[in-house]
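Novice: Before I ask anything, here is the structure I am working with.
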Amino acid sequence: MQSHTTLHLYKQNFRFSAAHFLIFDAHRAERLHGHNYQVEVELRGEQFNHQSGYYIEFKEIKKIIRDRLARWNETVLMPARNEEMKFATHGTTLEIIFRERRYAFPVSEVVLLPTNNTSVEHLSRILAEDLMGLLNAYGVQTIRVQVEETQGQAASCTLTRKSRVVDP
């Protein structure tokens, strides 16, 4: 019989505040605005330690998640892979040009995301990929990350690590 353990982490401090705007099509895009995003993480693995009685110590995992979310907290999120976005650094200032819009922010307050839009769909995928890499040492097989931008409005991404075939 094969057993799996799933940890569900939904803490009040699994949040980040960030500004962004969505690009809908060649003519429409939201205005720059912000959200207080809430994040939920589920981890599944096969390495339940029957001797200790737990899979992974919550304290360790919570720190990894909080540290990862801190990178986006109080920042402006921009899609680095959108063809219409132009970026230029002038000293400590990042100039961003999108269509007729021009923004200037301190470089340290902008996060350029490896995506073409800053939707919760993309944010949940990026966080899931990052956390899967950070949690590799813990034997996590599946991760599900949900990002909620407003209460009742969220997206989630589930990633499963490929099983390793062990030769006899």
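Read the figures in this text as sums done on the coordinates, not as results from a lab. Please read all numbers here as calculations on a predicted model, not as lab measurements. Counting neighbours? That spans all protein chains shown, and the Cβs are built from the backbone with ideal geometry, glycine included.
Novice: May I have the extent of the alpha carbons of segment 51-111 along their three principal axes, as whole Å values ordered from largest to smallest?
Specialist: 61, 24, 14
Novice: Also: To make sure I understand the rule: partners must be lysines, Cα under 29 Å from the Cα of K11, and not fewer than 8 residues away in the same chain. Which ones qualify?
Specialist: Of all the lysines, those that pass the test against K11 - Cα under 29 Å, at least 8 places apart if same chain - are K59, K62, K63, K162.
Novice: Within segment 64-168, which GluC sites (Glu not before Pro) sit in a loop by DSSP and count at most 16 neighbouring Cβ atoms inside 10 Å?
Specialist: E74, E83, E84, E100
Novice: Report the charge-dipole magnitude of the chain in Debye, nearest 20, computed about the Cα centre from +1 at each Lys and Arg Cβ and -1 at each Asp and Glu Cβ.
Specialist: That gives a dipole near 140 debye.
Novice: Take the chain, connect every pair of alpha-carbon atoms lying under 10 Å apart with a spring to form a Gaussian network, then pick out the residue of H27, H90, H122 with the largest mean-square fluctuation.
Specialist: H27
Novice: Stretch S108-S17 to full length: gain in nm at 0.36 nm per residue minus the Cα-Cα span?
Specialist: 31.2 nm
Novice: With 10 angstrom as the radius, rank V110, V41, V76 by how many other C-beta atoms surround their C-beta, starting from the fewest.
Specialist: Lowest to highest Cβ neighbour count: V110, V76, V41.
Novice: Between R66 and Y138, what is the FRET efficiency for a Förster distance of 22 Å, r being their Cβ-Cβ separation, to the nearest 0.05?
Specialist: 0.90
Novice: Further question on the same structure: Restricting the calculation to Cα positions, tell me the Rg (one decimal) and the Dmax (whole number) of segment 72-145 in Å.
Specialist: Spelled out, the Cα radius of gyration and Dmax of segment 72-145 are 14.9, 48 Å.
Novice: Still on this structure, I have one more. Give the relative contact order (percent, whole number) for segment 1-132; include only Cα pairs under 8 Å separated by 6+ residues.
Specialist: Result for segment 1-132 is 24 percent.
Novice: Oh, and also: Counting alpha carbon pairs within less than 8 Å and at least 6 residues apart, what relative contact order, in whole percent, applies to segment 97-168?
Specialist: Reported relative contact order: 28 percent.
Novice: Determine the equivalent ellipsoid of the chain by diagonalising the alpha-carbon gyration tensor, then write out the semi-axes as square roots of 5 times the eigenvalues, largest first, rounded to whole Å.
Specialist: Semi-axes from the Cα gyration tensor: 35, 16, 15 Å.
Novice: Quick one: net charge of F98's neighbours, Cβ under 9 Å, K/R +1, D/E -1?
Specialist: So the environment of F98 carries a net charge of +2.
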